[in-house]
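Inspection log for the structure reproduced underneath, given as structure tokens.
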Amino acid sequence: MDHSWNRRKFLSRAASSAASLGLAPLRKSVLAFGASTPALKGRFITHVSVVRVNQIEVTPTRSIGEDEVADNSVDHIRSRREAFARGWPDGRMTWAISWLALNDTRQQYKDARRLLVSYHEKYGDEITFIPGGYFAPMFDTREHNKVTIHKALQLISEMVGSGYRPESLVAGFMDAENQRFLATEEGIHVCQGQIWSQHGIDNGDGDGGICYPYYPSREHYLKPAQGSADFIDCVCLDGWTCDFLSARRNGFEGGFNSRMGVGPIETVGNLGEATGRKEMMDTTAMHFDQGHALNGFGWVTAIWEVSIGHDKDLAWWLQAVKERWPDTQVMTEGAFGMEWRKHTPNNALLDYRFDAKGTGAPGSEKELEIRWFMNREFRLALLHNWITNGPSRVIDFTRYDLPAHEPQGSQREWSLMNVLNQKSTRPQDKPIRLGQLSAQDQLLIYARYPDLKKLA
């Protein structure tokens, strides 16, 4: 894998060659003082659009991507908001603005900032900061990022006025210490702080976490807090909802795209309009049909840079969702995170389950079915051929009850991998039967999911 590749480069290269249900039981979340509140219910979409100057602004003074000034014009920003409104007229979205776009003195960016403020005033949109071009921990120190975040949030408050403060930070990846800093020093309790299953693509690796909301541990941003001693009161959110089958791949392994899901680059841009839009809806259905039945709520999210366009695809997708799942709520990143936080005071009762069959799109084999189990103690993925009814194999078992450590310096690799990882990047990452796991691992799994014993 050439790590200098990114999603945009793959798109240009691939374009030439790519042409049950039931009601979930009402769970309760137990508060520290003994009261309880109903678990979150419903279907939710959060959409984030990014306004920037350079493609990858890894620090305030260093960029490693392409100049995108022309693609972040006022007209492009307006086109994005109009497309969103066509798709969901009463929806609210989140705008993430980069450091350079916050500070650029050219008239274009002065006008762009004023336009974003008008969207907050008219629609209730959220305006927040995106540090590091998604990869702040990979390229700068925790302390430098802390200072940059603090200054940027101040600039946004001044820009919007009237005491405005965003409810979330959009970060791509964000280390545990800076998520703690957001909660305790900045009063922000929601961070889009991980890109689920990302490995071998773009400029940072971060596989090993939970794809739905959780409170991170102070040990590692991908590890759910195990108790009060390591608890960070910041809801950590995923950045891209991906097809579970394609997401098990490493980067572009096999010529496929591991980030395929609801994002336009990997779907419409790579597969064409008809196939790409079908994949967007099929991925959405993984969460809004079976996922909703298993978990009581479903959540789909994506970050679309203004520079990539695809506005008509955004409008189409939202309209299609509204027609098929009219009860869906489309809200800002911060509002969704705070709603989840209201219903879920800690990680004690986390129990996310997903059961998805391949969509038939490239990299999502139609004959395969993947089952995910994600909770405070571990995540587990089982893969099998549902047509031949082949045996289930464990392709991922990541324990969260074990010690974890983040990198102390700036580096690309920020994953959390221990027993077995879905990306198959290590010698031990070979699919196995449940009964081939250690006795201790099996005890941990069967204590939560006794029905899985029959698959051993």
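Go through segment 421-436 and give me each residue that's closer than 14 Å to Leu383 by Cα and either assigned to a strand (DSSP E or B) or among the small types (Gly, Ala, Ser) (or both). Walk me through how you get there before you give the answer.
So in segment 421-436, the residues closer than 14 Å to Leu383 by Cα come out as 421-424, 429-434.
Of everything in segment 421-436, those that are closer than 14 Å to Leu383 by Cα and either assigned to a strand (DSSP E or B) or among the small types (Gly, Ala, Ser) (or both) turn out to be Ser424, Ile432.
Could you run through segment 76-111 and say how many residues are over 21 Å from Lys312 (Cβ atoms), in a helix (DSSP H, G or I), open to solvent by less than 30 Å² (accessible area, probe 1.4 Å) and of a type outside the set (Phe, Trp, Tyr)?
Step one: list which residues in segment 76-111 are over 21 Å from Lys312 (Cβ atoms), which gives 96-111.
Narrowing the set further to residues that are in a helix (DSSP H, G or I) leaves 99-103, 107-111.
Checking which are open to solvent by less than 30 Å² (accessible area, probe 1.4 Å) leaves us with 101-102, 109.
Right, trim to of a type outside the set (Phe, Trp, Tyr) and you get 101-102.
Qualifying residue count for the region: 2.
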- Item | Selection from segment 380-417 of residues that are closer than 22 Å to Ala348 by Cα, of a type outside the set (A, V, I, L, M) and either open to solvent by 40 Å² or more (accessible area, probe 1.4 Å) or modelled with pLDDT under 95 (or both) | Asp401, Pro403, His405
- Task: Within segment 218-263, count every residue that is part of a helix (DSSP H, G or I), over 17 Å from the mean Cα position of the chain (by Cα) and among the basic types (Lys, Arg).
- Result: 0
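Consider Asn295 carefully, then state whether it is over 17 Å from the mean Cα position of the chain (by Cα) and within 23 Å of Glu369 (Cα to Cα).
Details: over 17 Å from the mean Cα position of the chain (by Cα): yes; within 23 Å of Glu369 (Cα to Cα): yes.
When the stated conditions are applied, Asn295 passes them.
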- Going through segment 330-355 in order, the residues found to be in contact with a Gly (Cβ under 8 Å, 6 or more places away or on another chain) and of a type in the set (A, V, I, L, M) are Val330, Met331
- Can you tell which of Leu416, Leu443, Leu434 is closer than 23 Å to Pro216 by Cβ and not aromatic (Phe, Trp, Tyr)? Leu416
- Message: All but one of (1) part of a strand (DSSP E or B); (2) buried (at least 24 other Cβ atoms within 10 Å of the Cβ) hold for Ile303; state the number of the condition that does not hold.
- Response: (2)
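Which members of segment 122-144 meet the condition of being assigned to a helix (DSSP H, G or I) and closer than 24 Å to Ala335 by Cα? It would help to see each step written out before you state the result.
Step one: filter segment 122-144 for residues assigned to a helix (DSSP H, G or I), giving 122-123, 132-134, 136-139, 142-144.
Hits for segment 122-144 are Lys122, Tyr123, Gly132, Gly133, Tyr134, Ala136.
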- Message: Being open to solvent by less than 10 Å² (accessible area, probe 1.4 Å), part of a loop (DSSP other than H, G, I, E, B) and closer than 21 Å to Arg114 by Cα is the filter here; which residues of segment 145-175 pass it?
- Response: Pro166, Ser168
- Filter result (surrounded by fewer than 24 Cβ atoms within 10 Å (Cβ to Cβ), over 21 Å from Val50 (Cα atoms) and either within 16 Å of the chain's Cα centre (by Cα) or of a type in the set (Val, Ile, Thr) (or both)) within segment 264-287: Thr275
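The values are calculated or read from the model by the stated rules, or taken from the named source; none is laboratory data. On a predicted model such as this, the values are computed, not experimentally measured, just so you know. Don't worry about glycine lacking a Cβ; one is built from the backbone with ideal geometry, like all the others, and counts go over all protein chains shown. Accessible surface is based on the protein model in full, side chains and every heavy atom, while ligands, DNA and RNA are left aside. Shrake-Rupley method; radii C 1.70, N 1.55, O 1.52, S 1.80 Å.
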